[in-house]
Amino acid sequence: MKVLLRLTPYIKQHIWAFSFGLFGLLGARIFEALIPLYVKMGIDNIMAAQSANETGDILSPESIAIAQATLVYPALAICACVVAQMVVTIISRILIRRIGIYAAFDIRNQLYGHMQRQGPAFFAKFSIGDLMARAINDVSLIRQFLAGTTRLTSVLVFTAVVGLGFMFSLSAQLALIVILPLPVISVVAWIYSKHIYKQSHIVQEGFSRLSTFVQENLNGIRTVQAMAQEQDEVRRFGMVNDEFAQHNQTLFITNSALSAWMPILAATATLIILGYGSHLVTTGEITLGTFAAFFSYLALLLWPVREAGAMVTQWQRGASGTQRVFEVLDYEPEIRDYASEDSANPEFPELTGKVSVRHLYYQYVDKNKYALEDINFDVEPGETIAILGRVGSGKSTLLRLFVRLIDPVKGDILLDGHPINGFPLDFLRHQVCLVLQDPFLFADSLGDNIAYDRPDRDVSDIWESADAAALRETIENFPEGLQTILGERGVTLSGGQKQRTALARGLVRMTPLLILDDCFSAVDTETEEHILSGLKSVRQNLTTLLVSHRVSTARHADRIIVLDEGKIVEMGSHQALLESNGFYADLEKAQRVKGGMLDQIESDEAKI
């Protein structure tokens, strides 16, 4: 119940509709409960007419006429109650079901927006398949709970309360005997509810594992096929699917057992009414019409009892789904947007691209050493800075700090003299563009992928960025040009084409600071030379930071920063670093020798 109370704010947004819906359900139950009273009235009128007959065996014409006349009012009243109950029930159901739909809509929006603000640790804890299961299946359970279970529960409670109320008004002693089995029913339902909650949670987790398995398998389908693992993957899926089916079967058995107990307990009340009620009729303590009405009210009272099993199951499944959704919503983002949380946050002007890094430290969780240690450097507006280093030297970590995908443990990054954690995240990421080594492209048109940040961007700007990324020829070779639809994750493009598309997407934004994280790794050296030679002209007076493993790339930069084991070991121009005979000079010699060997091999192959 504590978990389900967290849904209260979503109901409060529609409290008037919810209140009218509940009031309507109560009214419908009252109209339904009035029908047995009119049935009682009709039976008692007939019995009174029969008693008025002198013989007592055969009704006289006068008695028949009186009985028929006295039946008209109960019959019309019953028809009116049926119509009123139908109209009120339809309106109430619509009101309450709409609340479930609106609440699910709000929760999905909140869940999606919350996931957009999360960092690497969140996605390491929750797999994509698990998040999809929570956003779709668990939210659907919440919708079913709010739209169906709350309505059903209200109907059952109102029916039981109204039915008992009318039963007590007819015969208090018979009503007291009827409710004797209710404590037993409550205990049985409580015992089973704990098992149903646990099993529902296991079923939902099993669905998450199933979703995760399918999502990962389809994302890696090329690897699966290349390694001829199709049959093994089908077998593994069968095992996961079988486990999910077994958990569902266990839940079904528990639910069925509870549902089977309820009619048995309900039948006890029927026997009580039949035995003790007959005795009261015989002794004249109640009329035959009252006895008949009691059976009608018993049917109203026992319907909630019979449905108690399904109701308990729906409550527990709703609680399980709610707990899993709020487990995600309760996860605090790693990166706090302090500036946006501050209502007094000032407006910032457009940045010029001046960068200052002061005593910067970063350490990954569960690591015993710094990934970055005491990093210090300055970049003037319009400069191009290359960052080189061995694998694991901290290059990509440094770049991710600039857009606050991660935050340093110590030190500051300043943009135009302002610490970056003083900017709203939205503002910062509009001013600083990060192009990753592993590009992600959407299953949309090529042009829309380039103009992702602003779909209404002018076509001339798209072509200009495509030219700068050496992508024009590729686009023109497609029959549909910019309107060419890419497959999921850009599957229809080669690795180099993907990287150049992602680069064009970054260039078209013309942000004051552009960060390129080794985004030329899948591009040949000739194309890379073409891109780099034109990069400065495209980004005049705009700052660029780029990571690369190639000296041929770094030499185009104004200055080069060399990282080793998280520390800056060299900094300077291409020529100055060559003259220092340090790490950079050794790397240049090694790559020049390797490049010469490749040229010789290509020359020998050409001769052959």
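Worth pointing out:
- Only listed residue being under 30 Å from F126 (Cβ atoms) and at pLDDT 75 or above, chosen from L360, L280, L351: L360
- In the set (1) surrounded by 20 or more Cβ atoms within 10 Å (Cβ to Cβ); (2) at pLDDT below 75, Y297 fails one condition alone, (2).
- Residue within the stretch 469-478 that is under 15 Å from A502 (Cα atoms), in contact with a helix residue (DSSP H, G or I) (Cβ under 6 Å, 6 or more places away or on another chain) and β-branched (V, I, T) present: yes
- Residue in the stretch 210-218 that is at pLDDT below 80 and more than 30 Å from the chain's Cα centre (by Cα) present: no
- D378 meets all of the listed conditions (1) surrounded by 15 or more Cβ atoms within 10 Å (Cβ to Cβ); (2) among the acidic types (D, E); (3) in a strand (DSSP E or B) but one, namely (1).
- Residue in the stretch 266-288 that is farthest from V184 (Cα to Cα), counting only those that are among the hydrophobic types (A, V, I, L, M, F, W, C) and free of Cβ contacts under 8 Å to residues at least 24 places away in the same chain: V281
- In summary, helices (runs of 4 or more DSSP H) completely within the stretch 121-183 and bearing 3 or more residues that are more than 27 Å from I202 (Cβ to Cβ) and assigned by TED's automatic domain parsing to the domain that holds Q316 occur at 150-170, 172-178.
- Candidate set from the stretch 162-199 (those that are of a type in the set (S, T, N, Q) and modelled with pLDDT of 80 or more); member that is surrounded by the most Cβ atoms within 10 Å (Cβ to Cβ): Q199
- Qualifying positions in the stretch 352-370 - outside any strand (DSSP E or B) and within 33 Å of the chain's Cα centre (by Cα): Q363, Y364, V365, D366, K367
- N477 being under 30 Å from I375 (Cα atoms), out of contact with any Cys (no Cβ under 9 Å at 6 or more places or on another chain) and among the polar types (S, T, N, Q): no
The values are calculated or read from the model by the stated rules, or taken from the named source; none is laboratory data. Only a predicted model underlies this, so the values are computations on that prediction, with no experimental measurement involved. Don't worry about glycine lacking a Cβ; one is built from the backbone with ideal geometry, like all the others, and counts go over all protein chains shown.
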